[in-house]
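To keep things clear, I will list the structure first and then write my remarks on it.
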Amino acid sequence: MQTYSLTDARNKHGEVFDKAAIEPVLLTKQSRPSHVIISADSYQKLINRLQELEDMQLVQNAETALSQSKMVGTEAFTSALEHLANG
């Protein structure tokens, strides 16, 4: 990952954005990480992947809760959920 100080980024903004189109660019302020610039496409891919992972975790949590449930009617409830999930 290419690194630029905020001052360098201001002075070389064209170079910074060209680089950010290819890979993330780290901006530093007083030698400490401050911001990361990424392309809009890369950002959208990250958001989409995060949503997929969150959905997978929710499904796993629901499956765990169902498998540990001792309530009467669990089988009917599970069957109804599977029917809804499969359309």
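The values are calculated or read from the model by the stated rules, or taken from the named source; none is laboratory data. Every value quoted in this text rests on a predicted model; they were computed, and no experiment measured them. Because the Cβ atoms are built from the backbone with ideal geometry, glycine has one as well, and the counts that use them run over all protein chains shown. Note: accessible area is taken over every heavy atom of the protein model, side chains too, but ligands, DNA and RNA are not part of it. Shrake-Rupley method; radii C 1.70, N 1.55, O 1.52, S 1.80 Å.
Selection of region 23-66 for residues being open to solvent by 90 Å² or more (accessible area, probe 1.4 Å) and more than 19 Å from the chain's Cα centre (by Cα) yields Lys29, Gln30, Ser31, Arg32, Pro33, Glu63.
Residue count for region 1-22 satisfying the condition of being open to solvent by 90 Å² or more (accessible area, probe 1.4 Å) and of a type in the set (Asp, Glu): 2. Restricting to region 67-87, name every residue that is of a type in the set (A, V, I, L, M) and either open to solvent by less than 100 Å² (accessible area, probe 1.4 Å) or in contact (Cβ under 8 Å) with a residue 60 or more places away in the chain (or both). Passing the criteria: Ala76, Ala80, Leu81, Ala85.
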